[in-house]
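A quick write-up on the structure given underneath.
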Amino acid sequence: MKKVFKGIEKKRESGEFWLDQLKRKRNEGPFLSSKRYTGFSESTKSVHAGQYNDPTTNALGTPIFQCSTFSLSEDKYQAISEGRGRDEFIYTRYGNPSQWSVQEKLSSLENAESSIVFSSGMAAISSTLLAILDKGSHVVSSRDIYGGTYNFLYEDLDRYGMSVSFASPTDIESIEAAIQENTAVLYFEALTNPLLKLIDIEEIVKLGAKYNLRVIIDNTFLTPYNCKPLDLGVDLVVNSATKYLNGHSDLIGGTVSGSRKLIDRIWPQLLKNGGSMDPHACFLLERSLKTFALRMRAHNANALDLANYLEHHPRIKKVYYPGLKSHKQHELAKTQLKGKNSGMISFEIEGGDEKAHALMEHLKLAIEATSLGGVESLISLPYNTSQASLTKKQQEKIGINEGLIRLSVGIEDIEDLIRDFKQAIEQIF
Amino acid sequence: MLNNINIAGLSEYANEVKENNIEGKASYGVVLDWISGTKTKVKTKNMILGNHKLVRDFEFTIDEPAQLLGVNCAPNPAEYMLGGLAGCMAVTFMAGATLMNIEIDQLQLEIDGELDLRGFLGIDKDIDSGFPELNFIFNVKGSGTQEQYNTLMERVMKHSPNFNTIKNEVKMIGELND
């Protein structure tokens with residue numbers, strides 16, 4: 001039921017009824033089509049969910065609704081008056097069919113009631129946190145989180161009368177010890193950058209329930225293909241859509257998914273902060289998501305094979321990959337990731353950062369670039385990119401050792417990738 | 001939004017509570033510290049709404065006028081109580097007005113009462129130390145009719161939590177820690 005006074009409009013002015021008689025309930029969405037494909041598997045959802053086929057022209061595929069505004073009507077004025085503007089098309093920052101279409105596909109993949117797409121991952125993260133936190137609130141997070149998020153928590157929360165503490169993401173006791181009287185949110189990344197530490201999501205959720213907190217998980221490194229945090233009881237899941245969700249290194253975007261109740265709280269923050277996703281970017285994202293499951297299978301399979309290859313190479317000192325038995329949390333990975341693991345690998349090469357730089361120069365396929373999750377393999381060194389703000393000693397303290405390399409394994413043929421690493425390592429030693 | 005009240009959100013919340021009563025449970029609390037003389041400071045405790053904590057990071061000072069031995073630096077306890085009563089009645093009135101499609105241009109609520117301080121001072125044991133009665137006046141300008149405003153006043157008296165806390169008997173359970 002969308003309308004607040006459906007069927008009782010005439011009784012409204014006499015005040016015959018009170019709040020308990022109001023009709024509007026929270027529904028999933030807002031979506032264009034209600035094509036959720038619930039009960040279907042990942043590839044089917046990726047291809048079909050949320051797609052809007054134009055009924056006038058019968059054109060297949062969601063059109064790009066490249067407009068800033070929509071013609072108004074009595075229904076829309078009524079929606080604005082009642083405070084249910086999120087369900088109508090009024091202005092593209094508020095909502096646009098291209099956004100709704102991709103939001104439905106994302107909701108289907110995340111098993112969420114509702115989602116919002118943003119112009120970047122950081123727009124999604126900052127709007128989500130500002131919407132959920134009240135003045136005086138405290139967040140418990142981890143020093144291992146993405147630098148942009150760390151900077152927002154560490155540098156900006158204070159301005160809003162909020163605060164943050166950092167605990168070890170793998171030490172549930174240290175997380176519990178960091179919880180204060182004013183803690184409202186536990187914010188963690190499902191798989192950390194660059195050391196690929198897993199957080200035990202079910203344990204974090206239990207902690208949240210024990211202290212009446214909200215749990216927000218950044219699932220960018222895993223994606224809903226490898227792990228569905230909402231199914232494990234998390235309140236909200238955020239992603240940088242720039243990475244695996246889009247997967248083609250050709251747009252910047254972010255997502256948040258969860259219950260309609262919580263996403264409706266984030267929506268007004270989106271309106272205030274800006275950061276809505278442009279319709280053309282929505283088209284690219286929705287189109288890219290059609291191959292999401294297919295791509296993730298290739299990323300995961302390539303990463304597992306390449307991690308195995310690197311682990312057995314005499315010049316590679318250590319490989320961080322949750323699918324390897326040598327990973328400290330391999331057992332947790334087996335249950336939480338159900339054998340899908342990740343498309344990301346980190347490893348340490350003999351000879352420190354000098355050899356790491358040399359390796360990147362000699363690779364012919366993996367491109368030396370920041371970001372991740374594209375169809376092409378991307379390689380970078382954490383010490384001078386994601387963790388560049390830390391001193392060498394601080395880096396070593398959190399495990400960023402000399403020669404550490406982060407690799408986003410693409411969907412190239414695995415034989416080619418292995419051959420490329422083989423020749424590059426041979427050339428530098 | 002009419003009166004800047006999100007009636008859709010209120011409808012969703014009412015229906016949520018109907019299906020899941022726990023979401024209607026809201027715990028409130030304050031903690032008061034004596035500062036000096038008649039001056040005290042109140043901090044709001046965190047609320048629990050449903051199963052989730054709401055951080056309430058607010059504080060205010062209370063004092064008495066100089067004539068009643070304070071330094072008159074803040075409203076007195078009775079004024080805070082009446083202010084809390086009026087605020088709650090106003091919220092209920094505005095929710096009801098929006099529900100009835102009445103646009104409110106101005107709402108002013110006056111509450112007056114008289115204490116007989118002989119009760120506080122213990123001069124006459126037959127005199128209650130509380131307010132024997134409170135008089136309230138709604139000054140309203142808006143698109144509603146007299147009849148609609150009368151209905152709204154009835155709604156306020158029936159549904160305002162603070163109004164009913166003061167009107168009805170509340171079980172007071174005291175404890176001492178020293």
(request) Scan B:Met94, B:Met100, B:Met89 and give me the residue that is touching a residue at least 40 places away in the same chain (Cβ under 8 Å), more than 18 Å from the chain's Cα centre (by Cα) and either on the phi < 0 side of the Ramachandran plot or away from every other protein chain (no Cβ under 14 Å) (or both). (result) B:Met100
(request) Answer yes or no: is there a residue in the range A:280-290 that is modelled with pLDDT of 95 or more and within 14 Å of chain B (Cβ to nearest Cβ). (result) no
(message) Against the condition assigned to a loop (DSSP other than H, G, I, E, B), more than 9 Å from chain B (Cβ to nearest Cβ) and within 23 Å of B:Asn101 (Cβ to Cβ), how does A:Gly15 come out, does it pass?
(response) no
(message) So in the range B:51-61, with the set limited to residues that are assigned to a strand (DSSP E or B) and not aromatic (Phe, Trp, Tyr), which one is farthest from A:Glu181 (Cα to Cα)?
(response) B:Thr61
(message) Take the conditions more than 30 Å from A:Val139 (Cβ to Cβ) and out of contact with any Pro (no Cβ under 6 Å at 6 or more places or on another chain) and apply them to B:Thr61. Does it pass?
(response) no
(request) Tell me which residues, restricted to the range B:5-54, are within 30 Å of A:Glu9 (Cα to Cα), more than 9 Å from every other protein chain (Cβ to nearest Cβ) and among the polar types (S, T, N, Q). (result) B:Asn20, B:Asn21
(request) Filter the range A:45-85 for residues that are among the aromatic types (Phe, Trp, Tyr) and not in a loop (DSSP other than H, G, I, E, B) and give the result. (result) A:Tyr77
(request) Tell me which residues, restricted to the range A:318-331, are under 14 Å from A:Thr192 (Cβ atoms) and either buried (at least 19 other Cβ atoms within 10 Å of the Cβ) or in contact with a helix residue (DSSP H, G or I) (Cβ under 6 Å, 6 or more places away or on another chain) (or both). (result) A:Tyr320, A:Tyr321, A:Pro322, A:His327
(request) Please verify whether the range A:167-174 includes one or more residues that are without any contact (Cβ under 8 Å) to a residue 12 or more places away in the chain, assigned to a helix (DSSP H, G or I) and either closer than 20 Å to A:Met344 by Cβ or over 15 Å from the mean Cα position of the chain (by Cα) (or both). (result) yes
(request) Could you tell me whether A:Gly50 is on the phi > 0 side of the Ramachandran plot and within 14 Å of chain B (Cβ to nearest Cβ)? (result) no
(request) Please tell me if A:Thr220 is touching a Lys or Arg at 6+ places or on another chain (Cβ under 6 Å) and either modelled with pLDDT of 95 or more or within 14 Å of chain B (Cβ to nearest Cβ) (or both). (result) yes
(message) I'd like the full set of residues that are exposed (fewer than 13 other Cβ atoms within 10 Å of the Cβ) and within 17 Å of B:Met100 (Cβ to Cβ), limited to the range B:1-41.
(response) B:Asn4
(request) Scan the range A:36-77 residue by residue and report those that are in contact (Cβ under 8 Å) with a residue 60 or more places away in the chain and more than 26 Å from the chain's Cα centre (by Cα). (result) A:Cys67
(request) Search the range A:180-216 for residues being within 14 Å of another protein chain (Cβ to nearest Cβ) and in a loop (DSSP other than H, G, I, E, B), and hand back the single one that is surrounded by the fewest Cβ atoms within 10 Å (Cβ to Cβ). (result) A:Glu181
(request) Please enumerate the residues belonging to the range A:135-167 that are out of contact with any strand residue (DSSP E or B) (no Cβ under 6 Å at 6 or more places or on another chain), crowded, with 17+ Cβ neighbours inside 10 Å and within 14 Å of chain B (Cβ to nearest Cβ). (result) A:Gly136, A:Met162
(message) Residues that are assigned to a helix (DSSP H, G or I), charged (D, E, K, R), within 14 Å of chain B (Cβ to nearest Cβ) and out of contact with any helix residue (DSSP H, G or I) (no Cβ under 6 Å at 6 or more places or on another chain): does the range A:21-30 have at least one?
(response) no
(request) Please identify the pairs in which a residue from the range A:409-429 that is surrounded by fewer than 16 Cβ atoms within 10 Å (Cβ to Cβ) has its Cβ atom under 9 Å from the Cβ atom of a residue that is of a type in the set (Asp, Glu) and outside any helix (DSSP H, G or I), counting only partners at least 6 apart or on another chain. (result) A:Phe429/A:Glu350
(request) Search the range B:24-50 for residues being of a type outside the set (Gly, Ala, Ser) and in a loop (DSSP other than H, G, I, E, B), and hand back the single one that is nearest to B:Gly70 (Cα to Cα). (result) B:Thr38
(message) Condition first: of a type in the set (Asp, Glu) and in a helix (DSSP H, G or I). Now tell me which residues in the range A:258-306 satisfy that.
(response) A:Asp264, A:Glu286, A:Asp305
(message) Go through (1) closer than 21 Å to B:Gly87 by Cβ; (2) of a type in the set (Asp, Glu); (3) within 14 Å of chain A (Cβ to nearest Cβ) for B:Glu133 and report which single condition fails.
(response) (3)
(message) I'm told A:Ile90 meets every condition in (1) under 24 Å from the mean Cα position of the chain (by Cα); (2) buried (at least 16 other Cβ atoms within 10 Å of the Cβ); (3) of a type in the set (Val, Ile, Thr) except one. Can you identify the failing condition by its number?
(response) (1)
(message) On the basis of being more than 14 Å from chain B (Cβ to nearest Cβ) and small (Gly, Ala, Ser), does A:Ser33 make the cut?
(response) yes
(message) Looking for something under 24 Å from the mean Cα position of the chain (by Cα), closer than 22 Å to A:Asp171 by Cα and modelled with pLDDT under 95 - is there at least one such residue anywhere in the range A:352-370?
(response) no
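The values are calculated or read from the model by the stated rules, or taken from the named source; none is laboratory data. None of the values given here were measured: they were computed from a predicted structure. Cβ: placed from backbone, ideal geometry, glycine included. Neighbour counts: every protein chain shown.
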